[in-house]
Amino acid sequence: MECDNTVLCGANAYEQKYYFNEKFSGIPDSIKDELHILCVLFTEEVGGIFTIAFEADGNVVLETNASDDDIYYDEVSSGLMVGEVRRRRQELFESLSMYYRVFILKEDVSAYLEE
């Protein structure tokens, strides 16, 4: 992960833990719950570590990786799963990106709303 990405949330299959960045506590609880479920289910299915983060410009990135000694982790399957999650949750990720641009970057998004 690049150093300028800000992690929103993630799950770790090795430690069986979920993390949510409290910097984003203003996100509605229903969205937080959806992110929690998404991350945990991802790591249950694929294993490894799964994170959802923001790039410096507000774009949402989904990342997955694993320990070098994890023989059960399949990089190809995890890549396919990331693509599937991105397609199925596109609206959620677009909304999160807008949230980041408005509340973190303090951008004027009125131009986006008129499109």
Condition met for SER110 (over 16 Å from the mean Cα position of the chain (by Cα), hydroxyl-bearing (Ser, Thr, Tyr) and exposed (fewer than 11 other Cβ atoms within 10 Å of the Cβ)): yes
Scan of the stretch 69-115 for residues that are within 26 Å of THR43 (Cα to Cα) and of a type in the set (Gly, Ala, Ser), ordered by number: SER77, SER78, GLY79, GLY83, SER95, SER97
Within the stretch 1-97, strands (runs of 3 or more DSSP E) holding 1 or more residues that are in contact with a strand residue (DSSP E or B) (Cβ under 6 Å, 6 or more places away or on another chain), of a type in the set (A, V, I, L, M) and surrounded by 14 or more Cβ atoms within 10 Å (Cβ to Cβ): 6-12, 49-54, 60-65
Test: residue in the stretch 81-89 that is modelled with pLDDT under 95 and of a type outside the set (A, V, I, L, M, F, W, C): no
Test: residue in the stretch 70-89 that is over 16 Å from THR6 (Cα atoms) and in contact (Cβ under 8 Å) with a residue 60 or more places away in the chain: no
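The values are calculated or read from the model by the stated rules, or taken from the named source; none is laboratory data. A quick note: this is a predicted structure, and the numbers were derived from the prediction, not measured. Glycine also receives a Cβ, built like all others from the backbone with ideal geometry; neighbour counts cover every protein chain displayed.
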